[in-house]
Amino acid sequence: MSIDSPIRIRLEQDGDYAFRIMFDNAALAPLLTDEPAPLGHDRGPNPSRLLLAAVANCLAASLLFALRKHRNEPGTLTAEICALPTRNEHGRWRIASAKATLHLPGHNADYRSLDRVLAQFEDFCVVTQSVRQGIEVDVNVVDGDGRVLLGDKSFEAGS
């Protein structure tokens, strides 16, 4: 993936609330997602879990990059993230906050420039910073003939 190229992902329904996710330009088998009961059958992670996984993964990767930039060679990093879905003022489920914990192996004295690393690494986490600021998402709905039912009437299906 190039930072100058759009990120494209395709989903295809696989029964009830399950979807197969195909990642463009990746030699990966499709990822199965599903909602927990009573909507789905919990055959895979749901979108909320994927969002949290993306945040934790990006934080861990950013921390690793920052550590290595300062000539540190940490062992295996681990991360965990937790969120409790809550209802908003309209009664809709939302993830209002999450708590991520990153685990560095060893002791803080084992690392060069750790104060600087810890002060900077979050700024380079694309996903976490995007989620924190909010992401504008334009939505279009098209029918089987490609007619735009909702959204930008100049939208071309498949683009």
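Since every read-out is calculated from the coordinates, none of them should be taken as a lab result. For clarity, every value in this text was computed on a predicted model and none was experimentally measured. For neighbour counting, all protein chains shown are included, and Cβ atoms are generated from backbone atoms with ideal geometry for every residue, glycine included.
Would you calculate the volume per residue, in Å³, of the smallest convex hull containing every Cα atom of the range 46-137?
Values: hull volume 10.0 nm³, N = 92.
Convex hull volume per residue, Cα atoms: 109 Å³.
Ordered by residue, what ³J(HN,Hα) values in Hz, to whole numbers, does the range 27-34 give under the Karplus form 6.51 cos²θ - 1.76 cosθ + 1.60, where θ = phi - 60° and Gly and Pro are x?
8, 10, 5, x, 8, 8, 10, 7
Run the dipole for the chain about the Cα centre, Lys and Arg Cβ at +1, Asp and Glu Cβ at -1, nothing else charged, and hand back the magnitude in debye, nearest 20.
Working: 17 positive and 21 negative charges, 113 e Å.
It works out to roughly 540 debye.
Points 7 angstrom from Cα along the Cβ direction at Asp138 and Leu150: gap in nanometres?
So the two model labels end up 1.7 nm from each other.
Along the Cα→Cβ direction, 7 angstrom out, place labels at Ala96 and Asp24. What is the inter-label distance in nm?
Here the answer is 3.7 nm between the modelled labels.
If one computes P(r) from the Cα atoms of the chain, what percent of pairs lie at distances over 27 Å?
Above the 27 Å cut-off, the chain has 42 percent of its Cα pairs.
Report the extension gain between Ser113 and Arg71 in nm, rounded to one decimal, defined as 0.36 nm multiplied by the number of residues separating them, less their alpha carbon distance.
Length gained, Ser113 through Arg71: 14.2 nm.
Out of residues 5 or more away from Val142 or on other chains, whose amide H comes under 5 Å of its own, with H placed 1.01 Å from N in the peptide plane?
Residues meeting the amide H criterion: Leu149.
Just flag the GluC sites (Glu not before Pro) in the range 55-155 sitting in loop per DSSP whose Cβ has no more than 14 other Cβ atoms within 10 Å. List each step's numbers first, then the result.
On the way: sites: Glu80, Glu89, Glu122, Glu136; in loops: Glu89, Glu136.
In loop regions of the range 55-155 (DSSP not H, G, I, E or B), the sparsely surrounded GluC sites (Glu not before Pro) are Glu89, Glu136.
Using a Gaussian network model on the chain with a 10 Å cutoff between Cα atoms, which of Phe23, Phe65, Phe121 fluctuates the most?
Its mean-square fluctuation being the largest, the pick is Phe23.
Have a look at the range 1-45 and give its Rg and Dmax from the Cα atoms, expressed in angstrom.
Gyration radius and largest Cα-Cα distance of the range 1-45: 12.7, 41 Å.
Using only Cα atoms, tell me the angle between helix 47-69 and the longest principal axis of the chain; keep it within 0 to 90° and round to the nearest 10.
Value to nearest ten degrees: 30.
Only residues of the range 1-20 count here: report those whose backbone N is under 16 Å from the spot 7 Å along Cα→Cβ of Phe124, or say none.
Residues passing the 16 Å test: 3.
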